[in-house]
Each structure stands twice: as C-alpha cells, then as structure tokens.
1. What number, rounded to the nearest 500 deg cm²/dmol, is the helix-based mean residue ellipticity at 222 nm of the chain, given -39500 (n - 2.57) per DSSP H run of at least four residues and division by all its residues?
2. So if I place +1 on the C-beta of Lys and Arg and -1 on the C-beta of Asp and Glu, and nothing else carries charge, what would the dipole magnitude of the range 87-205 be about its Cα centre? I want it in debye, nearest 20.
3. Shape of the range 1-146 from its Cα gyration tensor (a ≥ b ≥ c, root eigenvalues): rounded if a/c is under 1.5, otherwise prolate when a/b > b/c, or oblate?
4. Ignoring ligands, DNA and RNA, what percent of the accessible area of the range 173-293 is carbon or sulfur (1.4 Å)?
5. So for the chain, averaging the separation of alpha carbon pairs under 8 Å that are six or more residues apart and normalising by length, what relative contact order in percent results?
6. From the residues SER66, HIS188, ILE150, which one has its Cα farthest along the dipole of the chain in the positive direction, the dipole being from +1 and -1 charges on Cβ of Lys/Arg and Asp/Glu about the Cα centre?
7. Counting only DSSP beta bridges with both residues in the chain, what percent are antiparallel, rounded to the nearest 5?
8. Using the Cα centre of the chain as the reference point, and only Cβ charges (+1 on K/R, -1 on D/E), how large is the resulting charge dipole? Debye, rounded to the nearest 20.
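The values are calculated or read from the model by the stated rules, or taken from the named source; none is laboratory data. These figures come from a predicted structure and were not determined experimentally. Please note: Cβ atoms are built from the backbone with ideal geometry, for glycine as well, and neighbour counts cover all protein chains shown. Calculation scope for accessible area: heavy atoms of the full protein, side chains included, ligands and nucleic acids excluded. Shrake-Rupley method; radii C 1.70, N 1.55, O 1.52, S 1.80 Å.
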Amino acid sequence: MADEQPTRTTISLRPGRLADAKACGRICFEAFGAIAAQHNFPPDFPSADVATDLMTMLLSHPRFFSVVAELDGTVVGSNFLDERSPVAGLGPITVDPKVQNLRIGRRLMQAALDRVTERGLPGVRLLQAAYHGRSLALYTTLGFQPREAIACMQGRPVGASLASYRLRRAVEKDAEACNRVCTFVHGHHRGGEVLDAIKQGTASVVEHEGRITGYATDLAFFAHAVGETNRELMALIGAASAFGGPGILVPVRNAALFQWCLDHGLRVIQVMTLMTVGLYNEPAGAYLPSVLY
Ligand SMILES: CC(C)(COP(=O)(O)OP(=O)(O)OC[C@H]1O[C@@H](n2cnc3c(N)ncnc32)[C@H](O)[C@@H]1OP(=O)(O)O)[C@@H](O)C(=O)NCCC(=O)NCCS
C-alpha cells in the first residue's frame, strides 16, 4: 500500500477504521446512486444512512478485510473482502463519483486481490451490475471470469408451500448440516456466513424426509441459499415474508427456478454477472448467491 503521485495529487491506501463509516457510507450511497441513475436503474441503497449502517457493520466485523483510498488525505473510496468462509466475497467497492475513472477503483481492487494471495485463499467471487460496462471491464482485466447471469428479483411474498418440505428457523446445531448441503452444491462450505445468520436470527433450514436438504441465511440481497434441488429453494422463497434490499438473486440459467419465480409474481430489477478468480465449481444443486457472492 505505498503512496504514489500520479499527478499533482496523492492517492494512498490504508486499512479501513470504524471512524470511516460515515464518509464511506456517503460515498457508497452516492457512487451506486450515480451509476444507477446514469443507466436509469433504481439505486441499490435507499439512503446514505442505510449505506453507512452497512459500512459500520463491515468496518467492525473482525472477518471482513477493508481498504480505504484517500486523495490528499480525504477518503474517496473503499473496498471489502468477506473472509468468513473459505472462498472470499469481494465488495462493495465504491469510489466517490467526483474522482471516478482515475484508477482508484483499480488500486482498491488490487489491494483486495493481494490480500487473497497473502492469505492463500483458494478463490474469490463477486457480483457485478451487468449494465455497468466500466466495472465489467475493470474486473475482467484483473482476471475475473464471468460465470453466469443472475437476476435480482423483487415482489410481494409468494405465500407458497411445498408438501413434504418443512421449514423452520435455523439454530446453531444445524450449522454442520447446512455446511454439508453447501459443500454438496458448491464444493466448499460458507460456514462463517451461516453462523452469523443463525446468531442474527435470519437463517432458516428446509427438512425433507427427515434431514436438512437446504437452507437460506435470509431471503435478501446480502444473503445466500442452497438446496439439493430446486424444490428446497421454492420452499424457502415461497415462505419468505419479504425479500430484503433490492431483491433475491436468482441464477438465470436455472430456467426452472427463474420461471417459477416469474410465475409467482416476482419481477426482474436488474441482471448481474457472477465473476470469479481461482476456485470455482459448477454448482451441483440449486443456489441463490449473495451480492457479496
Ligand atoms: C466501479 C468503480 C469502483 C470503479 O472505480 P474507478 O476508479 O471509477 O475505476 P478505474 O478508473 O480504476 O478503472 C476503470 C477501468 O475501466 C476502463 N473503462 C471504463 N469504462 C469502460 C468501458 N465502457 N469499456 C471498457 N473499459 C472501460 C477504464 O479505462 C479503466 O481501465 P484502465 O485502468 O485499464 O485504464 C466505480 O466506478 C464506482 O464506484 N462505481 C459505482 C459503484 C459500483 O458500481 N461498484 C461496483 C459494484 S459491482
């Protein structure tokens, strides 16, 4: 993270601190809002306060790596790496709209990728707004490979249940069974995220024929779900009382599940691209990614 002087200004990177939450939250809100408005899409964050709450959580969580960019001593951007599970999740990355396109984003991305290398993590993933050509180009030139298109979907609660698929709130002793399902689907678990969600009371499990065959950390933009088949995910989506944030993330090439969501009244808000570096296994079952993968 050495300083450099591209022009007459100085851009430097440093670890994030809790005291950065307000500045990073404002930038996050404005950066996503500006890009979305340019493309006539709804903003990802409804207010600077919601973005600041997210930054506060990320900057205080011991298992999130953070990096902040300063331009002449003023915070102008930030990036995060979710290190709660073996495969890391990257983002949100945001740069102040006043100083975008000056390679600050590239440096924030490189810092997170250097961290992946330093920690010897097997892989890293992210979701990218498909309408945003700049981030698509930036991530591709940094080595990210596109894996699949993901529809962010929102709507009224579906209110559907599936016979012989029983849902209940997840408790700590379910974590191992949840990790087994995730390993079946992705080839690795996401145990850190599962434990956080159980503690927060947002996780649920699906039981079928006497065992756990699926779970969701929540039905939300910042949450993931896996199931041995689509039926577990239909049960989870069907029982949700709301879809948090901009919406749930449904892989489009899982045409049966995507169609089921459309048939049950959910609408596409935007399409995103799942991109990865390093370890990536073709999913063996059904899943909904989190926006941090
Ligand atoms: C995405 C974001 C972090 C990038 O930061 P940035 O500082 O503006 O980007 P950089 O200047 O570092 O890099 C942009 C790169 O894309 C290239 N680029 C820009 N538009 C392009 C286009 N339409 N096609 C191809 N390449 C393009 C630039 O030339 C540059 O590449 P270079 O470093 O090889 O010259 C920033 O735009 C942002 O905050 N956006 C809003 C929030 C957001 O979308 N976050 C990402 C969520 S997935």
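1. Estimated from H runs of four or more residues: -10500 deg cm²/dmol.
2. Around 200 debye, computed over the range 87-205.
3. In terms of gyration-tensor shape, rounded.
4. Carbon-and-sulfur percentage of accessible area, whole number: 54.
5. Relative contact order comes out at 20 percent.
6. ILE150
7. 95 percent
8. I would put it at about 140 debye.
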